[in-house]
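This report refers to the structure that appears directly beneath it.
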Amino acid sequence: METLTFEEYEKLLSGPMGDWYNGRWSYYGPVIELITELSIKNAVELGPGKITMIKNCDVMVKPDDDFWGKPDKNVSKIIQHDATEKPWPIKDKEYDLFIALQVWEHLNSRQTKAFREVMRISKMAILSFPYNWNCPKNNANYPEHHMIDKELIGDWTLNIEPIKFLEIPRTSEKVSRGPRLIYLWKF
């Protein structure tokens, strides 16, 4: 499978969402390395923003407009479905890999139900999470990211141990550039 290149990522930085993508290669790169180590034939990515990690993969996006955008190229199929609602319109073990980067914290207390769907529809999964970001609930910026720790991630993912775990350090002082955790599971 062909993945996002650093050169393609750099083009995002000069676009209208460039500031939002700035610093994200710090975890995109390691995720791409994980993907290249896997033997996969197909993948689906949840809420990928403007670009996917795997070219020509399927994507699942909310049916309504998303401020962060939707990929406009290099996508095989778009599944319009709210990930907080189950069942997902996907067959059992339809995908070799499910990817959700910096999305899980936005699932409105339905992370556990969604994770069960991930296990049902895929053979493997890569998820990334903000880690211990200090953005209080009364702060308009990133309240759903506030102080997510390994215990909460364990609750969201049924305490199923990943086969790989990466910790990505803070990339700047901005809240959105805080540390991240990346998990890889095989089901």
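Values for this structure:
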item	result
Residues of the stretch 26-75 classified as charged (D, E, K, R) and within 21 Å of Leu166 (Cα to Cα), total	3
Residue count for the stretch 150-165, restricted to those that are in contact (Cβ under 8 Å) with a residue 12 or more places away in the chain and closer than 22 Å to Cys135 by Cα	4
Any hit, the stretch 51-59, residues being in contact with a helix residue (DSSP H, G or I) (Cβ under 7 Å, 6 or more places away or on another chain) and in a loop (DSSP other than H, G, I, E, B)	yes
Qualifying positions in the stretch 85-120 - among the β-branched types (Val, Ile, Thr) and either part of a helix (DSSP H, G or I) or loosely packed, with under 15 Cβ neighbours inside 10 Å (or both)	Thr112, Val118
Residue within the stretch 26-39 that is farther than 21 Å from Phe115 by Cβ and assigned to a loop (DSSP other than H, G, I, E, B) present	yes
Tally of residues being crowded, with 16+ Cβ neighbours inside 10 Å and either in a loop (DSSP other than H, G, I, E, B) or among the small types (Gly, Ala, Ser) (or both) across the stretch 1-17	2
Qualifying residue in the stretch 81-102 (condition: under 25 Å from Lys55 (Cα atoms), modelled with pLDDT under 95 and not acidic (Asp, Glu))	yes
Filter result (under 15 Å from Gln102 (Cβ atoms) and assigned to a loop (DSSP other than H, G, I, E, B)) within the stretch 158-172	Arg170, Thr171
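A quick yes/no check of all residues on (1) surrounded by 17 or more Cβ atoms within 10 Å (Cβ to Cβ); (2) of a type in the set (Phe, Trp, Tyr); (3) within 14 Å of Tyr95 (Cα to Cα):
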residue: Asp19; (1), (2), (3): no, no, no
residue: Leu46; (1), (2), (3): yes, no, yes
residue: Ile54; (1), (2), (3): yes, no, yes
residue: Pro71; (1), (2), (3): yes, no, no
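The values are calculated or read from the model by the stated rules, or taken from the named source; none is laboratory data. None of these values were measured; they are calculated from a predicted model. Because the Cβ atoms are built from the backbone with ideal geometry, glycine has one as well, and the counts that use them run over all protein chains shown.
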